[in-house]
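Report on the structure given below.
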Amino acid sequence: MKAAIWVAPIGYEQPLSVVPVEAGNLDKIPSGRTAADALSMLASPDGGKFARKCSNAIALLSNVASAVSRQKSCVRTRLFRLGGLNELERDLVADVLRKGEVAGLVALPNGSMAQLQESAFAGIWHVRFEGEAAYEYIEIGAIPEIVRRAATDLTSTNLMIDAVPDGVMNVLPVLAEIRERALAWRPGMSAQIINFTLLPMNSVDRAFLQQSLGNGPVQLISRGYGSCRVQATSVRNVWSVQFFNSIERIILDTLEVGDVPTGVLAANEDLEDSAERLREIMEAYLI
């Protein structure tokens, strides 16, 4: 099995003062609130009393359900802040939305992190910012806007190629191709993929490639039978996308030049399905 191209370097320093997102950090994302089985409480004989205590949460969930029914993957996301909810209401929101397959971290210039967790309804995200001005919200869309902003604002268009070490084999033409494609890419264009799984590159090539591209501010993972790990590089529009099987062996190792890779995006069909399923829960328990 070929070694992976992208292994996040320990102690890597971002030239833009962005905290590097290191391998393994995604496993440290808090699991979120532990819901107090709030839906079953709504269905109990005391459900009416419980609903009155959670009126803000029910209103928020109704607004989220309405928003996702109108949302398209290609338009601007919509936000619903959670700051006004009490503990019981937060439990209700957590119990209704639950956790989905996609999670992520975004490193911010002030040294804090934004934590992203997709709900069980694709395209409905829980976003939490750490730091002095910590706050959190529900966001509706293909991917939280902070991902695209960080991948654009906190990366560089300039791919510098330093002195080549001894022992390189094929890395220089690959870097030249990446630089050309990254500069040429524009929103709306299809992503261009470089597959390293079958590309003959030795360990020196791999190390120099990663050194040249650097570590970016965004790391995302989609978990299922296996997993898809998406890492922004420090070069704008260039992403590492790796697929692993159920025993964590890499089966596909690529670089994508383009927008946020589709493996972590909610498509229009996902949003439509989420709207239908959330509406069913709202009608059964909350309306």
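The values are calculated or read from the model by the stated rules, or taken from the named source; none is laboratory data. This is a predicted model, so every value here is computed, not measured. Cβ sites come from the backbone with ideal geometry, for glycine too, and all protein chains shown count toward neighbours.
Would you mind stating whether residue 178 is crowded, with 19+ Cβ neighbours inside 10 Å and assigned to a helix (DSSP H, G or I)?
When the stated conditions are applied, residue 178 passes them.
In this structure, does residue 256 turn out to be assigned by TED's automatic domain parsing to the domain that holds residue 161 and at pLDDT 95 or above?
yes
Within region 69-116, track down each residue that is acidic (Asp, Glu), farther than 15 Å from residue 264 by Cα and touching a residue at least 60 places away in the same chain (Cβ under 8 Å).
Scanning region 69-116 gives a single hit, 95.
Mind listing whichever residues of region 240-254 are crowded, with 18+ Cβ neighbours inside 10 Å and either free of Cβ contacts under 8 Å to residues at least 12 places away in the same chain or out of contact with any Phe, Trp or Tyr (no Cβ under 7 Å at 6 or more places or on another chain) (or both)?
Within region 240-254, 241, 244 meet the criteria.
Is it true that residue 196 is surrounded by 22 or more Cβ atoms within 10 Å (Cβ to Cβ) and either under 29 Å from residue 114 (Cβ atoms) or touching a strand residue (DSSP E or B) at 6+ places or on another chain (Cβ under 9 Å) (or both)?
Criteria met by residue 196.
Could you give me the residue pairs with C-beta distances under 8 Å whose first residue belongs to region 169-185 and is more than 13 Å from residue 202 (Cβ to Cβ), whose second residue is hydrophobic (A, V, I, L, M, F, W, C) and assigned to a helix (DSSP H, G or I) wherever it lies, and which are 6+ apart or on separate chains?
175/209; 178/213
Report the residue count in region 62-117 for those that are at positive phi and of a type in the set (Val, Ile, Thr).
Counting residues in region 62-117 that are at positive phi and of a type in the set (Val, Ile, Thr) gives 0.
Looking only at region 80-95, which residues are surrounded by 12 or more Cβ atoms within 10 Å (Cβ to Cβ) and in contact with a helix residue (DSSP H, G or I) (Cβ under 7 Å, 6 or more places away or on another chain)?
80, 82, 85, 88, 89, 91, 92, 93, 95
Can you tell me which of (1) in contact (Cβ under 8 Å) with a residue 60 or more places away in the chain; (2) over 23 Å from residue 279 (Cβ atoms) is the one residue 144 doesn't meet?
That leaves (2) as the condition not met.
Can you find even one residue in region 127-142 that is more than 19 Å from residue 68 (Cα to Cα) and buried (at least 22 other Cβ atoms within 10 Å of the Cβ)? If you could, list the steps in order and put the result at the bottom.
Of region 127-142, the ones more than 19 Å from residue 68 (Cα to Cα) are 128-135.
If we keep only those that are buried (at least 22 other Cβ atoms within 10 Å of the Cβ) too, we end up with none.
Within region 127-142, none of the residues are more than 19 Å from residue 68 (Cα to Cα) and buried (at least 22 other Cβ atoms within 10 Å of the Cβ).
Report, by residue number, each residue of region 203-228 that is free of Cβ contacts under 8 Å to residues at least 40 places away in the same chain and not aliphatic (A, V, I, L, M).
205, 225, 226, 227, 228
Residue by residue through region 40-57, note down the ones that are out of contact with any Phe, Trp or Tyr (no Cβ under 7 Å at 6 or more places or on another chain) and either modelled with pLDDT of 90 or more or in a loop (DSSP other than H, G, I, E, B) (or both).
Result: 44, 45, 46, 54, 56, 57.
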